[in-house]
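First the structure, in the form of structure tokens, and then the observations on it.
The values are calculated or read from the model by the stated rules, or taken from the named source; none is laboratory data. Source: prediction; values computed, not measured. Cβ sites come from the backbone with ideal geometry, for glycine too, and all protein chains shown count toward neighbours. In case anyone asks, the SASA skips ligands and DNA or RNA and just uses the protein heavy atoms, side chains included. Shrake-Rupley method; radii C 1.70, N 1.55, O 1.52, S 1.80 Å.
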Amino acid sequence: MTRPTSRDVATAAGVSQATVSLVLGDKWRGRVSERTAGLVREAATTLGYRPNLAARNLRLGSTRTALLVVPALTNEFFARVYTGAARIAAEHGFGVVLYPSPDGTGPARDPFASARAALDGIIASSMAAHALDAIGDAELPLVMLDSDPTATRAAAHVNLAMADGMRQITAHLLALGHRRILHLASAVDSWTFDVRAEALAAHLKPHAELRTVRAQLTVTDARTAMETALAAPQDRPTAVVCDDDILAAGTCKAARRLGLRVPEDLSVTGFDDLALATAVEPELTTVHLPAERVGEQGMSALLAVLDGTPWTAPDLPVDLIVRASTGPAPA
């Protein structure tokens, strides 16, 4: 049985091959009616037609492939970003290659002999623009997610309202009477964590005392750092604001080892709202980040740039989810 062709689809749908190309290439809007587009898609499905991507890419000079660069695969946030990006890509006949940078947020290495030949564009999440210098060149469109919006190399940016997330946390803790607060900050040098630290300090002054301790993004490192920070009763904070949920889980473990109750003796907040936030006990008060929406907007931004359309969008809103790890400040 021979493989069905675009001519077979055109014959079955009663349209021209040019119309089939427009519909299956997702370029039919404004040129072909919704009814005709539906007939073409139905005919293609019935016949089992699949475009010859290699031939089309060679003809168009396009691979219809985007590279998503992330600092790590171990963080659920980036998996959700990929899910959102891949969903939008599939709707437009694109594929997304996920590339965890071997050096985390440091300089990324080109995973291809020539990124320019293999890709149509790059989406990078929580990376610095200069860390991507080895991948592609100025001609390869770059969309930055959760990254410094002043980076000029990027053709578009998609960011979250991180500062507002910290504002919501500080308002919550101040309303509960907390005045001695410790910030367990990520030791990763990243714009997104810098924004959180700046917002936390700005919203607490002059209402509360703020101290900062840093730890790598692991439960073990967070627990070790907090066992030291919480050891002296006279210097102990009443609340710990963590840069993400992993750090918050480590803080809760440290509190238990020191005989402190959460939240009666110590309130703890996270950031991200990972699955971990409801797996620990007590469940974490944390800021929910719509990671899949970040991925969706990132891919939509890249498609717009490839189409020559300017992309602008406000920061995506974030929400404080109040659970059981925060309570009134102890007397």
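Among the numbered criteria (1) within 21 Å of the chain's Cα centre (by Cα); (2) assigned to a helix (DSSP H, G or I); (3) surrounded by fewer than 18 Cβ atoms within 10 Å (Cβ to Cβ), which one does residue 189 miss?
(2)
Taking only the range 27-83 into account, find how many residues are closer than 30 Å to residue 127 by Cα, modelled with pLDDT of 85 or more and β-branched (Val, Ile, Thr).
Residues in the range 27-83 being closer than 30 Å to residue 127 by Cα, modelled with pLDDT of 85 or more and β-branched (Val, Ile, Thr): 5 in total.
Would you mention how many residues in the range 113-128 are part of a loop (DSSP other than H, G, I, E, B), modelled with pLDDT of 85 or more and on the phi < 0 side of the Ramachandran plot? Write out each step before concluding.
Quick first cut of the range 113-128, residues part of a loop (DSSP other than H, G, I, E, B) only: 113-114, 119-120, 126-128.
Still in the running and modelled with pLDDT of 85 or more: 120, 126.
With on the phi < 0 side of the Ramachandran plot added as a condition, the list becomes 120.
Of the residues in the range 113-128, 1 are part of a loop (DSSP other than H, G, I, E, B), modelled with pLDDT of 85 or more and on the phi < 0 side of the Ramachandran plot.
In the range 287-321, how many residues are open to solvent by 20 Å² or more (accessible area, probe 1.4 Å) and under 30 Å from residue 266 (Cβ atoms)?
So the count comes out to 6.
Let me spell it out: the conditions are (1) surrounded by 13 or more Cβ atoms within 10 Å (Cβ to Cβ); (2) modelled with pLDDT of 85 or more; (3) within 37 Å of the chain's Cα centre (by Cα); (4) not small (Gly, Ala, Ser), and residue 24 meets all of them except one. Which number is the exception?
Only one criterion is unmet by residue 24, namely (2).
Can you name the helices (runs of 4 or more DSSP H) wholly within the range 212-303 that have at least 3 residues being at pLDDT 95 or above and either out of contact with any helix residue (DSSP H, G or I) (no Cβ under 6 Å at 6 or more places or on another chain) or farther than 17 Å from residue 74 by Cβ (or both)?
On the way: elements: 219-229, 245-257, 276-279.
Counting at least 3 such residues, we get 219-229, 245-257.
Here are some conditions: (1) surrounded by fewer than 17 Cβ atoms within 10 Å (Cβ to Cβ); (2) assigned to a helix (DSSP H, G or I). Residue 324 meets all but one. Which one does it not meet?
Only one criterion is unmet by residue 324, namely (2).
Within the range 168-186, can you find the residues that are within 27 Å of residue 219 (Cβ to Cβ) and open to solvent by 10 Å² or more (accessible area, probe 1.4 Å)?
168, 172, 176, 180
Any residue in the range 305-324 that is in contact with a Phe, Trp or Tyr (Cβ under 8 Å, 6 or more places away or on another chain) and at pLDDT below 95?
yes
Kindly establish whether residue 284 is within 21 Å of the chain's Cα centre (by Cα) and open to solvent by less than 10 Å² (accessible area, probe 1.4 Å). Can you show your working first?
Numbers: within 21 Å of the chain's Cα centre (by Cα): yes; open to solvent by less than 10 Å² (accessible area, probe 1.4 Å): yes.
Yes, satisfied.
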